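Asker: I have a structure I would like to understand better, so I am pasting it below and will then ask my questions one at a time.
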Amino acid sequence: MAEAHVAINLPPVQPGWHSLTVDTHIHTFQAAASDHGLLVFVPHPRYLLTNSVRWVHSLKNKLVTALYPVHPFLAVILSVVTSIFVIAASPDSWLRSGFLAEWLWAIDESFSFVTQHLPLNYRLVYLSTIASLLVLLVIVFFQRLFLRVLLHYKGWMHDPPGKPSTLTKAWAASLTYLYIKRGKLLTYSFQHALPRLSVPNLTQTCERFLMSVKPLLSEEEFADLCKDKDNFLTSHGPRLQKYLVWKSWLTNNYLSDWWIRFVYLRGRSSIFINSNYYAIPTNFWHGLPPVYAPRQVTRAANIIHNWVKLKKMIDKETLPPLVAGAQPLCMEQYSRLFSTTRIPHREEDEVVHFESADSRHVIIYYKDTYYRLNVYKKNGRILTPYEFQVLLEHIKSDHQQRKRIPTSAEAHIAALTTLDRSKWAQIREDYFSTGVNHYSLSQIEKAMFILVLDDEKPDNPTALANSLFCGNGGNRWCDKSFNHIVYANGVSGMHVEHAWADAPIISHTCEITSVMEITNKNWDEKEHTILPPKDAPVDGGDFSVAQKLRFHMTHDLEEHILGALSEAQAASADLDLRVTNSKYGKRYPKKIGFSPDSFIQIALQLGYYRCHKSFALTYESAMMRLFRDGRTETIRSLSVESCEFVKGMDDPSVSEEKKKELHKIAVEKHNSYAKLASKGEAIDRHLFALYVVAMGTETDSPFLDHALKKIPWKLSTSQIPNRMYNGWPKDDNRGNNKAYGGIGGGFGPVADDGYGVCYLISGDSHLTFHISSKRKCPTTDTKKLGESIEGALRDICLLYGQE
């Protein structure tokens, strides 16, 4: 994925005004300055009222989150009870004359110009209220402090599977019963208590880096790198490390802002295939499961309704925070799921999130036209699935009755988002800054998301994956946080931009909306249409029909679009993407006693070596959401131990017992490094941050240059998390519900001569691989690598007598 590219560029920032303009379609106070003066924009009063209500609701949520786990209602009760006791107490009692009472009376004296006019009982009430709130704040402080201490504990990672230590049991019980089950949780209830990411030890990082690349270097190259490392540790290293430590003290996360900016937004190459990814939220190995409607409009109507419901949950902060076991995870990325767009600029892109008042619609793309579809009625209610179905049918009918057929350039205007970022930024500035083009583009960028009604009927996972990822080169709006594509046969999937969040966010939210759809089967079995609800609410105002978006085309703009389309189609044709299914799910590694992920990663090493007769630097993404504002870290799957196993596995002179021993050592090494990564103690993000500081301070470091630039990630891998949501229904007596879940997703290769490998472990005997490479590279072969990985899994299982 894009994060494995890590191409860093720091062009100078020019002083002056930057993008200071007023957009009258954004309904908030705005001000813009230029050489001609100052422009202030005040929105319509109805938007001021809406914004005020939203602000009050947000303030309430912030108060609830700040006091968590103490409910604000407890503060009211405590104040009332305290006031009653104080008023009822005798004047010489401790409540009225103790040291705390004297301190409170001193406060009263300092405001005597106001309080002297109040009756005594009134003064007692407000003073006792102050006292009770102070006591409450002390309680909250110590409870939050204890929560922070609990969330710093990572010892549970080192316990044997299914055998937690006594300390871990006490930790889990404390978190569960003192915090997690203390009433209804808001989305960000744990956010401020999550630990900050600390800076790893500099010497350990350098030593671990050396060991990770040792299998790829000759003795002479390794000796030279060791000298560079020693020079770095005795010269620039400690100074750069000091800057990072200072930043870690002053920010919530010393890494995340640099990571988003320099890995994603500063990248100038196309994000199409290179950065974006796709997701398949439904199981599609044996056709569409019967729990989903096999009709395009029916499916699309339910999808829009459910995702808008999810947006409302996120806006109101009623989406429960994700808790893995007893460990709460960071929820910061969810805030950008909807109404978010990556805006291209000449030097550095920008991720823009629009407020709910400005984003009350979705964009529908059908055949060759974009439509703006409001999702709320005038009274604020979300349209029902039936109402969405009516509107989508109207869009199809409107398209059939059209009097003018759009040109190829108009139909494929999204191809511009596949261009080099600087080129797209220039075209956007030249042709979309004013008039109808500016309006239509702004509606697309402000939309909650884009839904594509695609005429294709993919009948296998590989065809579906290629269509979701590439489309026809001009019908996937790559800048949008996500495009939801619904096909003519009811199958659906997603095309996702990567800068705003990582794949687990999409995986989790797909599960939530899938459960909504599964548990609310509202369509007719025979016609596959949504029936009008009998208990539909009666409210005023009809919902408006979709608005067709138009673009003014000039000859030059058409040339740019058709050129972009040609480039995108060439890139799509070069992509060799396949989806395969394996029976070697989690049952096999668990039976042997290994972590399924580590087991698969070592099999990938064996499969790659058999295919290419060489080793490759291997990237595996690890989640860092145990920390506040955490994104990802890298698990370096290639190791000295994995190479020794791979060489021994196909050596007939090595005994089976020795092969088992080498395999166990390799798996344990990977599992140990994966735990380091999850704890924030791996090396890649640390090296990246050191490199950013070196660039910013104009420090030349051969060691850091080698660490980030010299060796490419030929094998970029990622495991897709599964079953993060606990609301899945059961479809048989054994609790199996595999037919309901998805089959993961995938991404493009990072290196031109490398592979992208994404996998999903969806059951005891279900393992799905999404493997990609570039056809123009003579040394890569997606099909061959997939077969080699399957053979590696089979042979390792046979080594342990499992088949």
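The values are calculated or read from the model by the stated rules, or taken from the named source; none is laboratory data. Note that the structure is a prediction, hence the values are computed from the model and not measured. Heads up, the Cβs are rebuilt from the backbone with ideal geometry, glycines too, and the neighbour counts pull from every protein chain shown.
Asker: Whether any residue in region 204-217 is in contact with a His (Cβ under 6 Å, 6 or more places away or on another chain) and either at pLDDT 95 or above or crowded, with 19+ Cβ neighbours inside 10 Å (or both) is what I want to check.
Answerer: There is at least one residue in region 204-217 that is in contact with a His (Cβ under 6 Å, 6 or more places away or on another chain) and either at pLDDT 95 or above or crowded, with 19+ Cβ neighbours inside 10 Å (or both).
Asker: Being more than 30 Å from residue 387 (Cβ to Cβ) and either out of contact with any Cys (no Cβ under 8 Å at 6 or more places or on another chain) or crowded, with 16+ Cβ neighbours inside 10 Å (or both) narrows it down to one of 490, 563, so name that one.
Answerer: Criteria check complete, one pass: 563.
Asker: Follow-up. Quick check on my filter: what residues within region 489-536 are over 30 Å from residue 622 (Cα atoms) and in contact with a strand residue (DSSP E or B) (Cβ under 7 Å, 6 or more places away or on another chain)?
Answerer: Answer for region 489-536, where residues must be over 30 Å from residue 622 (Cα atoms) and in contact with a strand residue (DSSP E or B) (Cβ under 7 Å, 6 or more places away or on another chain): 522, 523, 529, 530.
Asker: Name the residues in region 643-674 that are charged (D, E, K, R) and either modelled with pLDDT of 95 or more or under 18 Å from residue 593 (Cβ atoms) (or both), would you?
Answerer: Quick first cut of region 643-674, residues charged (D, E, K, R) only: 644, 647, 650-651, 656-661, 664, 668-669.
The answer is 644, 647, 656, 657, 658, 659, 660, 661, 664, 668, 669.
Asker: Given the conditions (1) surrounded by 24 or more Cβ atoms within 10 Å (Cβ to Cβ); (2) among the hydroxyl-bearing types (Ser, Thr, Tyr); (3) closer than 20 Å to residue 664 by Cβ, which single one is not true for residue 609?
Answerer: Failing condition for residue 609: (1).
Asker: Next up: Would you check if there is a residue in region 675-695 being within 30 Å of residue 798 (Cα to Cα) and either at pLDDT 95 or above or assigned to a helix (DSSP H, G or I) (or both)?
Answerer: Quick first cut of region 675-695, residues within 30 Å of residue 798 (Cα to Cα) only: 675.
Within this subset, residues satisfying the condition of being either at pLDDT 95 or above or assigned to a helix (DSSP H, G or I) (or both) are 675.
Checked region 675-695: at least one residue is within 30 Å of residue 798 (Cα to Cα) and either at pLDDT 95 or above or assigned to a helix (DSSP H, G or I) (or both).
Asker: Here's another thing I want to ask about it. Find the residue count for region 381-400, including only residues that are surrounded by 20 or more Cβ atoms within 10 Å (Cβ to Cβ) and closer than 16 Å to residue 311 by Cα.
Answerer: Counting residues in region 381-400 that are surrounded by 20 or more Cβ atoms within 10 Å (Cβ to Cβ) and closer than 16 Å to residue 311 by Cα gives 2.
Asker: Note down all Cβ pairs under 8 Å where the first residue falls in region 571-590 and is on the phi > 0 side of the Ramachandran plot and in a helix (DSSP H, G or I), the second is crowded, with 18+ Cβ neighbours inside 10 Å and among the basic types (Lys, Arg), and they're at least six residues apart or on different chains.
Answerer: none
Asker: Here is a further query. Check whether at least one residue in region 776-797 is in a helix (DSSP H, G or I) and more than 20 Å from residue 607 (Cβ to Cβ), and report yes or no. Walk me through how you get there before you give the answer.
Answerer: From region 776-797, those in a helix (DSSP H, G or I) are 782-797; that's our starting set.
Applying the additional criterion that residues be more than 20 Å from residue 607 (Cβ to Cβ) yields none.
Checked against the condition, which is being in a helix (DSSP H, G or I) and more than 20 Å from residue 607 (Cβ to Cβ), region 776-797 yields no hits at all.
Asker: Take residue 451 and tell me if it is over 28 Å from the mean Cα position of the chain (by Cα), surrounded by 21 or more Cβ atoms within 10 Å (Cβ to Cβ) and at pLDDT 95 or above. Before the answer, list the steps.
Answerer: Working: over 28 Å from the mean Cα position of the chain (by Cα): no; surrounded by 21 or more Cβ atoms within 10 Å (Cβ to Cβ): yes; at pLDDT 95 or above: yes.
Judged against the criteria, residue 451 is not a match.
Asker: Same structure again: What do you reckon, is residue 744 modelled with pLDDT under 95, over 30 Å from residue 230 (Cα atoms) and not β-branched (Val, Ile, Thr)?
Answerer: Numbers: modelled with pLDDT under 95: yes; over 30 Å from residue 230 (Cα atoms): yes; not β-branched (Val, Ile, Thr): yes.
Yes: the conditions hold for residue 744.
Asker: I'm trying to understand the selection: among the residues of region 247-302, which are crowded, with 23+ Cβ neighbours inside 10 Å and on the phi > 0 side of the Ramachandran plot?
Answerer: Of everything in region 247-302, just one residue is crowded, with 23+ Cβ neighbours inside 10 Å and on the phi > 0 side of the Ramachandran plot, namely 273.
Asker: Being touching a residue at least 12 places away in the same chain (Cβ under 8 Å) and either surrounded by 22 or more Cβ atoms within 10 Å (Cβ to Cβ) or more than 30 Å from residue 574 (Cβ to Cβ) (or both) is the requirement here; does residue 726 meet it?
Answerer: Values: touching a residue at least 12 places away in the same chain (Cβ under 8 Å): no; either surrounded by 22 or more Cβ atoms within 10 Å (Cβ to Cβ) or more than 30 Å from residue 574 (Cβ to Cβ) (or both): yes.
Spelling it out, it is not the case that residue 726 is touching a residue at least 12 places away in the same chain (Cβ under 8 Å) and either surrounded by 22 or more Cβ atoms within 10 Å (Cβ to Cβ) or more than 30 Å from residue 574 (Cβ to Cβ) (or both).
Asker: A further question follows. For region 374-399, what are the residues that are more than 30 Å from the chain's Cα centre (by Cα) and within 15 Å of residue 364 (Cβ to Cβ)?
Answerer: Within region 374-399, 387, 390, 391, 393, 394, 395, 396, 397, 398, 399 meet the criteria.
Asker: If I filter region 293-304 for residues that are among the charged types (D, E, K, R) and out of contact with any Phe, Trp or Tyr (no Cβ under 8 Å at 6 or more places or on another chain), do I get at least one hit?
Answerer: Pass one, region 293-304, residues among the charged types (D, E, K, R): 295, 299.
Keeping just the survivors that are out of contact with any Phe, Trp or Tyr (no Cβ under 8 Å at 6 or more places or on another chain) gives none.
The answer is no; no qualifying residue exists.
Asker: Only one of 681, 633 is of a type in the set (Asp, Glu), surrounded by fewer than 22 Cβ atoms within 10 Å (Cβ to Cβ), closer than 30 Å to residue 189 by Cα and within 24 Å of the chain's Cα centre (by Cα); which? If you could, list the steps in order and put the result at the bottom.
Answerer: On the way: 633 fails: surrounded by fewer than 22 Cβ atoms within 10 Å (Cβ to Cβ).
The conditions single out 681.
Asker: Strands (runs of 3 or more DSSP E) wholly in region 312-431 with at least 1 residues that are in contact with a His (Cβ under 8 Å, 6 or more places away or on another chain) - which ones?
Answerer: Where strands (runs of 3 or more DSSP E) fall fully within region 312-431 and carry at least 1 residues being in contact with a His (Cβ under 8 Å, 6 or more places away or on another chain), they are 340-343, 361-366, 369-374.
Asker: Next question. Return the residue satisfying two criteria in turn: it lies in region 276-311 and is in a loop (DSSP other than H, G, I, E, B) and under 16 Å from the mean Cα position of the chain (by Cα), and of such residues it is nearest to residue 454 (Cα to Cα).
Answerer: Among those residues, the one meeting the criterion is 281.
Asker: Sort out which residues of region 217-246 are free of Cβ contacts under 8 Å to residues at least 40 places away in the same chain and either closer than 15 Å to residue 688 by Cβ or of a type in the set (A, V, I, L, M, F, W, C) (or both), and write them in order of number.
Answerer: Once the filter is applied, which keeps residues that are free of Cβ contacts under 8 Å to residues at least 40 places away in the same chain and either closer than 15 Å to residue 688 by Cβ or of a type in the set (A, V, I, L, M, F, W, C) (or both), region 217-246 yields 217, 222, 223, 226, 233, 246.
Asker: A further question on this structure: Which residue, of 594, 627, is in contact with a Pro (Cβ under 7 Å, 6 or more places away or on another chain), not assigned by TED's automatic domain parsing to the domain that holds residue 507 and not small (Gly, Ala, Ser)?
Answerer: Of the residues listed, the single one that is in contact with a Pro (Cβ under 7 Å, 6 or more places away or on another chain), not assigned by TED's automatic domain parsing to the domain that holds residue 507 and not small (Gly, Ala, Ser) is 627.
Asker: May I pose another question? Might you check whether a residue that is in contact (Cβ under 8 Å) with a residue 60 or more places away in the chain, small (Gly, Ala, Ser), out of contact with any His (no Cβ under 7 Å at 6 or more places or on another chain) and surrounded by fewer than 21 Cβ atoms within 10 Å (Cβ to Cβ) occurs anywhere in region 636-656?
Answerer: No.
Asker: I need the full set of residues from region 223-233 which are exposed (fewer than 15 other Cβ atoms within 10 Å of the Cβ) and over 10 Å from residue 206 (Cα atoms), in order please.
Answerer: If the condition is that a residue be exposed (fewer than 15 other Cβ atoms within 10 Å of the Cβ) and over 10 Å from residue 206 (Cα atoms), then 223, 224, 227, 231 are the ones that fit.
Here is a yes/no grid of residues against (1) assigned to a helix (DSSP H, G or I); (2) in the same structural domain as residue 318 (by TED's automatic domain parsing); (3) modelled with pLDDT of 75 or more; (4) not small (Gly, Ala, Ser):
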site: 90; (1), (2), (3), (4): no, no, no, no
site: 100; (1), (2), (3), (4): yes, no, no, yes
site: 126; (1), (2), (3), (4): yes, no, no, yes
site: 130; (1), (2), (3), (4): yes, no, yes, yes
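Asker: Is one or more of the residues making up region 532-544 touching a helix residue (DSSP H, G or I) at 6+ places or on another chain (Cβ under 9 Å) and either over 30 Å from residue 293 (Cβ atoms) or not in a loop (DSSP other than H, G, I, E, B) (or both)?
Answerer: No, there is no match, as no residue in region 532-544 is touching a helix residue (DSSP H, G or I) at 6+ places or on another chain (Cβ under 9 Å) and either over 30 Å from residue 293 (Cβ atoms) or not in a loop (DSSP other than H, G, I, E, B) (or both).
Asker: Pairs needed: first member in region 742-753, within 18 Å of residue 573 (Cβ to Cβ); second member anywhere, aliphatic (A, V, I, L, M) and at pLDDT below 95; C-beta distance under 8 Å; at least 6 residues apart or different chains.
Answerer: 747/1
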